[in-house]
Structures are given as C-alpha cells and as structure tokens.
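Asks: Sharing a structure, written as structure tokens. Questions coming.
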Amino acid sequence: MPRAMIQPVFRFAPSPNGYLHLGHALSALIDFEMARAAGGRFLLRIEDIDATRCRPEFEAAIYEDVAWLGIAWEQPVRRQSEHLDAYRDALSRLDALGLIYPSFETRAEIARLVAEREKAARWPRDPDGAPLYPGTAKHLPAEERARRIGSGEPYALRLDMNAATTRTGTLTWAEAGDADQTHETIVAQPEAWGDVVLARKETPTSYHLSVVVDDALQGVTHVVRGQDLLPSTSVHRDLQALLGLPAPVYHHHRLILDKDGHKLSKSTQATALRELRAQGMTPADIRRAVGLASNP
C-alpha cells in the first residue's frame, strides 16, 4: 500500500525588531509562491525571543505588511516568547548528552582573549566574521560551574562542537532550486562556527536552537530564506541530528542589495515597506522592485 503523501509546510519567520523592508518582501513572496505551487500550507511565525529589541508595534506592522503583499497565512501564529519551555526542554536533552557548558566571559573579556591570541596568528572567524569562542570554560570543573551559576554570575550556554560533531558524524542537507526541485546535496560544516551560544542566563534559547525546535514542532518541511543564512544551516543540521528532529528541504534565495552591494538590513535603516506604501507604491510595484514577475 503506497505511503500517504505528506502535505508540504512552509513558513515565513520574521523578528519584530524593526519594520519589514524589500528583502523581507522578496523572501515572503518567494516562500508563499513556492508553498502555493507545491500545494502546501503556509505559516507565519514571530521570532520574538529578543525581549530588548522586539516591540508590539513592529509585530503589528508585520501582519499589516504581509497581508498587504497579498499573502495569507494559517492561524494561530506561533510566537516564540510563548514557547520558552520547549527550548528549555531541548537544552536539557543536550545537557543530558554532555554537549553544552556555561561560559562566563563578558564580550569585552572575549575581545581581550582574541587580541592576546592574535599576537601569534589571526584567530579563526565564523562564517559571519565573528571570532570563534577563545575561552577555556569547557574545562572548568563541574563544582566551579555550579558555584558561579549559583552566585548569579551571567553566563552563556555553548554547544561543545567537537563533541557534537563526533556524535553526529558527517551531515548533509537537500538544497532546492528556484522551482523547488532538489538539485544539490550540501555537506554541513558546523565546526566552522566553533562553540556556538545556544542560550544565555536571561534568555533560555538562541536563534539556532529555537528555529530548529519550532520547525520540528510545526511540521515544517521546507525552509525558504536568504543566502546569508545558508552557512547557519550547518549548525541547524547538527542540532536536528542531536535532538532527533527531521531535516527540512532548504532553499536559500538571492538577496536584495543596496547601492553599496550590502544586503538590506533593519540595522542600517533600509527603507521600510510601510514607507514605500505611504509613497504610493502598490504590491505590484514591490514585486517589480524585487525582481519578481507581476503575475505569479
């Protein structure tokens, strides 16, 4: 008897830490149209774990902008801030495997450690250009870790990447082309990220951890996002393997760049969709601006 076909599930998952811009529009439109072409479901997820930067007005604007683009999504919307227990559970499972440890250095202390090591040679960087963790917290005795945590000292929970990759072995993921035809198998390289942060004392999760937990809990089968996040997929595949979670098919699409060749970003005040709408642009104008056909 043939196996029942699984309906594809896609998701668009912005953070409400600023207003959406043309880069978000491209991603949301490609995502929605791939879901529609595959006969799949389309979800909207709000990634609001950063309590210091995420604001209700930005979340409200996300719903307004995405609907204005002509995109419909299923209800209810998953908000990460309402599911912190799920991320704590994942951390507990990794801890039970002996794969996470607390580090106590401040960002300034880490910068000093990197500077000291670079007196001999350039310290390695991760794919985003940040120095790999240079500290020695992995080797602290358990009693010392417990004492420092118990005293209220701030800390970050890191993945022991060497131990993690030893456990998982070589991993790959399926990268789909523009027509959702899987055409390439990519070998994951999570070791390039070093001992990544999975949570902090004040926040029981990180982007890397929460995104793989959410995708699994929501049954996401296809992850559509920008090329800038392609290197992060290596970490996500590692966490999926460690936690026994399914691996979606990935599609990393082209980026919208500014006049200097940099990707659009909230942090650099890229023109927001709401501003373009106020200037009289229509959804069709937005499609043309991001290089998509007027009639999908």
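The values are calculated or read from the model by the stated rules, or taken from the named source; none is laboratory data. No experiment lies behind these values; they were computed from the predicted model shown. With ideal geometry, Cβ positions are generated from the backbone for all residues, glycine too; neighbour counts draw on all protein chains shown.
Asks: Need the failing condition index for PRO204 against (1) over 27 Å from PRO14 (Cβ atoms); (2) touching a residue at least 24 places away in the same chain (Cβ under 8 Å), just the number.
Replies: Condition not satisfied by PRO204: (1).
Asks: Just checking, how many residues over region 70-88 are crowded, with 18+ Cβ neighbours inside 10 Å and in a loop (DSSP other than H, G, I, E, B)?
Replies: Number satisfying all stated conditions: 2.
Asks: Let me ask something else. For region 50-64, does any single residue satisfy the condition of being β-branched (Val, Ile, Thr), without any contact (Cβ under 8 Å) to a residue 24 or more places away in the chain and out of contact with any strand residue (DSSP E or B) (no Cβ under 9 Å at 6 or more places or on another chain)?
Replies: yes
Asks: Criterion first (at pLDDT below 95, farther than 30 Å from ALA284 by Cβ and either among the hydroxyl-bearing types (Ser, Thr, Tyr) or surrounded by fewer than 18 Cβ atoms within 10 Å (Cβ to Cβ) (or both)) does ARG53 satisfy it? Even if it seems obvious, please write down each step before you answer.
Replies: On the way: at pLDDT below 95: yes; farther than 30 Å from ALA284 by Cβ: yes; either among the hydroxyl-bearing types (Ser, Thr, Tyr) or surrounded by fewer than 18 Cβ atoms within 10 Å (Cβ to Cβ) (or both): yes.
When the stated conditions are applied, ARG53 passes them.
Asks: Would you confirm whether or not region 135-147 contains a residue that is in contact with a Leu (Cβ under 7 Å, 6 or more places away or on another chain), closer than 25 Å to ARG88 by Cα and of a type in the set (Lys, Arg)? It would help to see each step written out before you state the result.
Replies: Residues of region 135-147 in contact with a Leu (Cβ under 7 Å, 6 or more places away or on another chain): 135.
Next cut, closer than 25 Å to ARG88 by Cα only: 135.
Next, only the ones that are of a type in the set (Lys, Arg) stay: none.
No, region 135-147 contains no residue that is in contact with a Leu (Cβ under 7 Å, 6 or more places away or on another chain), closer than 25 Å to ARG88 by Cα and of a type in the set (Lys, Arg).
Asks: One residue is enough: does region 17-36 have a residue meeting the conditions without any contact (Cβ under 8 Å) to a residue 60 or more places away in the chain, of a type in the set (Ser, Thr, Tyr) and surrounded by 17 or more Cβ atoms within 10 Å (Cβ to Cβ)?
Replies: No, region 17-36 contains no residue that is without any contact (Cβ under 8 Å) to a residue 60 or more places away in the chain, of a type in the set (Ser, Thr, Tyr) and surrounded by 17 or more Cβ atoms within 10 Å (Cβ to Cβ).
Asks: Among the listed residues PRO131, PRO124, identify the single one that is assigned by TED's automatic domain parsing to the domain that holds VAL235, crowded, with 16+ Cβ neighbours inside 10 Å and under 24 Å from the mean Cα position of the chain (by Cα).
Replies: Sole residue among the options that is assigned by TED's automatic domain parsing to the domain that holds VAL235, crowded, with 16+ Cβ neighbours inside 10 Å and under 24 Å from the mean Cα position of the chain (by Cα): PRO131.
Asks: Exactly one condition in (1) closer than 30 Å to GLY169 by Cβ; (2) free of Cβ contacts under 8 Å to residues at least 60 places away in the same chain; (3) among the hydrophobic types (A, V, I, L, M, F, W, C) is false for LEU242; which is it?
Replies: The one condition LEU242 does not meet is (2).
Asks: On to the next question. Please tell me if VAL187 is under 22 Å from PRO248 (Cβ atoms), surrounded by 17 or more Cβ atoms within 10 Å (Cβ to Cβ) and of a type in the set (Val, Ile, Thr).
Replies: On the way: under 22 Å from PRO248 (Cβ atoms): yes; surrounded by 17 or more Cβ atoms within 10 Å (Cβ to Cβ): no; of a type in the set (Val, Ile, Thr): yes.
Here the answer is no, as VAL187 does not meet what is asked.
Asks: Would it be correct to say that ALA247 is in contact with a Ser or Thr (Cβ under 6 Å, 6 or more places away or on another chain) and modelled with pLDDT of 95 or more?
Replies: On the way: in contact with a Ser or Thr (Cβ under 6 Å, 6 or more places away or on another chain): no; modelled with pLDDT of 95 or more: yes.
Against the criterion (in contact with a Ser or Thr (Cβ under 6 Å, 6 or more places away or on another chain) and modelled with pLDDT of 95 or more), ALA247 does not qualify.
Asks: Scan region 73-86 and report the pairs whose first residue is more than 21 Å from PHE32 (Cα to Cα) and whose second residue is surrounded by fewer than 15 Cβ atoms within 10 Å (Cβ to Cβ), with Cβ atoms within less than 9 Å and a gap of 6+ or a chain change.
Replies: Hits for this filter: SER81/ALA51; HIS83/LEU217; ALA86/LEU217.
Asks: Okay, moving on. I need the full set of residues from region 14-61 which are within 20 Å of LEU292 (Cβ to Cβ), part of a loop (DSSP other than H, G, I, E, B) and aliphatic (A, V, I, L, M), in order please. Step through it out loud before you land on a result.
Replies: Filtering region 14-61 for residues within 20 Å of LEU292 (Cβ to Cβ) gives 14, 20-38, 40, 42, 44.
Retained after the next criterion (residues that are part of a loop (DSSP other than H, G, I, E, B)): 14, 20, 38, 40.
Across region 14-61, the qualifying residues are LEU20, ALA38.
Asks: Do we find a residue being buried (at least 18 other Cβ atoms within 10 Å of the Cβ) and assigned to a helix (DSSP H, G or I) anywhere in region 241-249?
Replies: Yes, that holds for at least one residue.
Asks: Can you give me the ranges of the helices (runs of 4 or more DSSP H) entirely in region 106-168 with at least 2 residues that are among the charged types (D, E, K, R) and without any contact (Cβ under 8 Å) to a residue 24 or more places away in the chain?
Replies: Working: elements: 107-117, 142-150, 161-168.
In region 106-168, 107-117, 142-150 are the helices (runs of 4 or more DSSP H) which contain 2 or more residues that are among the charged types (D, E, K, R) and without any contact (Cβ under 8 Å) to a residue 24 or more places away in the chain.
Asks: Could you check how many residues of region 89-104 are surrounded by 15 or more Cβ atoms within 10 Å (Cβ to Cβ) and in a helix (DSSP H, G or I)?
Replies: First, pick out the residues of region 89-104 that are surrounded by 15 or more Cβ atoms within 10 Å (Cβ to Cβ): 90-91, 94, 99-104.
Filter again for in a helix (DSSP H, G or I), leaving 90-91, 94.
Total meeting the criteria: 3.
Asks: Sort through THR166, THR185, THR170 and tell me the only one that's within 24 Å of TRP123 (Cβ to Cβ) and polar (S, T, N, Q).
Replies: On the way: THR185 fails: within 24 Å of TRP123 (Cβ to Cβ); THR170 fails: within 24 Å of TRP123 (Cβ to Cβ).
None of the others qualify; the one that does is THR166.
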